[in-house]
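Encoded as structure tokens, the structure appears first; notes follow it.
The values are calculated or read from the model by the stated rules, or taken from the named source; none is laboratory data. Treat the numbers as computed from the prediction; the structure is a model and nothing was measured. We place every Cβ from the backbone using ideal geometry, glycine too, and count neighbours over all the protein chains shown. Calculation scope for accessible area: heavy atoms of the full protein, side chains included, ligands and nucleic acids excluded. Shrake-Rupley method; radii C 1.70, N 1.55, O 1.52, S 1.80 Å.
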Amino acid sequence: MQRIILHIDLDYFYAQVEEVLKPELKGKPVVVGADPKKGNGRGVVSTCNYEARKHGLHSGMPISIAYRKCLNCIFLPVNMDLYVEVSTRIMTLFKRHADRFELGGIDECYLDVSERCKNYKRAEELANRIKSELKQKEKLTCSIGIGPNKLIAKIAAGKHKPDGITVIKPEQVKEFLQKLSVRELMGVGPKTEAVLNHMNVFTIGQLAKVSQSDLVGMLGKFGYILYDGARGIDESPLIEEWEAKSMGRQATFEKDTKDRKLVLDKLSEIISDTVKQLNREKLSYKTVTVKVRYEDFYTTSRAESLKTPHKDEKTAQEKACELVELFLHDERKIRLIGFTLSKLQ
Ligand code: DCP
Ligand code: CA
Ligand code: CA
């Protein structure tokens, strides 16, 4: 059966929630973030609406600069409790439309709809229904990407923002990726981009021409992931937050870190603990999941399912090592690492 995956991302999330709460803001440039203190404030813009973006404002920009660039902007503090509350309601709503659901962060998620939608036309109809429901119940807009896997769905969701739907069928994947910047691929930050640019590789189309051995030589294990990514290949399944029977641990670092050894040692330690518990309960596992939370609180996971049930620690350690590679490669610092064994028998 072909897979059909939706990626849903809410438009200018914090600022849009503020607009719903205070309708008088509609049509005006709105910034959510640190207090600008008349241009002397420290801290950054969390996000801003599309009117404010016309003035060159964006997430992560120092609030003092935003203040100077946009004198008539309305600056609001971050009301995290409110955004979490709205997000929780919305995700519950989206979940009902999925065979399988994965939360990707406060304002985004993946829906596997392969069983309920037998073709892309049906999936697009479903996406339209989801948008209408969101509009009606929460007065919010979102953008949706539809594709054969998580990688393509996520990139597609960013292509017609705000309030758009982008459908990429399997036969359109190659053409779709061709002209896009390598930066659009998961895990490619400014440093990897610089390495690739140095080899005269700017677009994903150009990346697809580089041999696997060259990529691995240049970037280590991440080269394998990139090689597949350039071809639009991504077999990773959606990971439900709560697996009926699962077992795992997570650990938050004292300080956000990029120290490879520290992360790998901590991961190895929690795997040992988890497998010990598994053995005590005389269970075996088929799925290994590694989860990471970055310094900006973006949380994501990767999983692999084995063909047969396993009981041993070695396989769990090896699989986890492969899975964590993409996260270690990311240029953000890591805040938390987690590990789960599931499909237990
Ligand atoms: N966020 C943040 N700091 C950042 C980036 C994002 O606090 N550097 C928060 C505020 C955003 C939310 O996370 O509203 C979601 O981030 P997105 O990257 O999805 O951006 P937006 O939803 O704000 O805008 P877009 O319409 O581009 O998706
Ligand atoms: Ca968003
Ligand atoms: Ca998002």
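Kindly report the accessible area of region 219-265 per residue (heavy atoms of protein chains, probe 1.4 Å, no ligands, DNA or RNA), in Å².
64
What does the highest-first list of 286-293, 215-222 look like by mean Cβ count within 10 Å?
The packing order, highest mean first, is 286-293, 215-222.
Could you state the accessible area per residue of region 87-188 in Å², with a 1.4 Å probe and every protein chain left in place?
Each residue of region 87-188 exposes 46 Å² on average to a 1.4 Å probe.
Any chance you could get the radius of gyration and Dmax over the Cα atoms of the chain, in Å?
Rg, Dmax (Cα atoms, Å): 21.2, 65.
Which order do the peptides 167-176, 100-109 take when ranked by the mean count of other beta-carbon atoms within 10 Å per residue, highest first?
Highest-to-lowest ranking by the protection proxy: 100-109, 167-176.
Past the 20 Å Cα-Cα mark, which pairs from LYS69/LYS161; LYS69/LYS154; LYS191/LYS221; LYS261/LYS319; LYS221/LYS245?
LYS69/LYS161; LYS69/LYS154; LYS221/LYS245
Helix 313-329: angle to the longest alpha-carbon principal axis of the chain, degrees 0 to 90, nearest 10?
With rounding to tens, the tilt is 30 degrees.
Using per-residue counts of other Cβ atoms within 10 Å, averaged over each peptide, order 305-316, 14-25, 223-234 from highest down.
Descending packing order for the listed peptides: 223-234, 14-25, 305-316.
Just the C-alpha atoms of region 104-215: what Rg/Rh do they give, with Rh taken as the Kirkwood radius?
1.04
Tell me the net charge near VAL195. Cut-off is 14 Å between Cβ atoms, VAL195 excluded, with +1 for each Lys or Arg and -1 for each Asp or Glu.
Counting the neighbours of VAL195, the net charge comes to -1.
Find the relative contact order for region 200-280 and round it to a whole percent, using C-alpha pairs within less than 8 Å whose residues are 6+ positions apart.
So the answer I get is 21 percent.
Which whole-Hz couplings ³J(HN,Hα) result when phi for each residue of region 69-76 is put into the Karplus expression 6.51 cos²θ - 1.76 cosθ + 1.60, θ = phi - 60°, listed in order with x for Gly and Pro?
Values per residue, Gly and Pro as x: 6, 9, 6, 9, 5, 9, 9, 10 Hz.
Leaving out ligands, DNA and RNA, what percent of the accessible area of the chain is carbon and sulfur, probe 1.4 Å?
Looking at the chain in its full context, I get 51 percent from C and S.
Over the chain, calculate the relative contact order: mean separation of alpha carbon pairs under 8 Å at least 6 apart, over the residue count, as a percent.
Worked out over the chain, it gives 15 percent.
Considering the options SER342, LEU306, VAL324, tell which one lies farthest towards the positive end of the dipole of region 291-345, charges being +1 on Lys and Arg and -1 on Asp and Glu at the Cβ, about the Cα centre.
SER342
ASP296: net charge of surrounding residues, Cβ under 12 Å, Lys/Arg +1, Asp/Glu -1, itself excluded?
Taking every other residue near ASP296 into account, the sum is 0.
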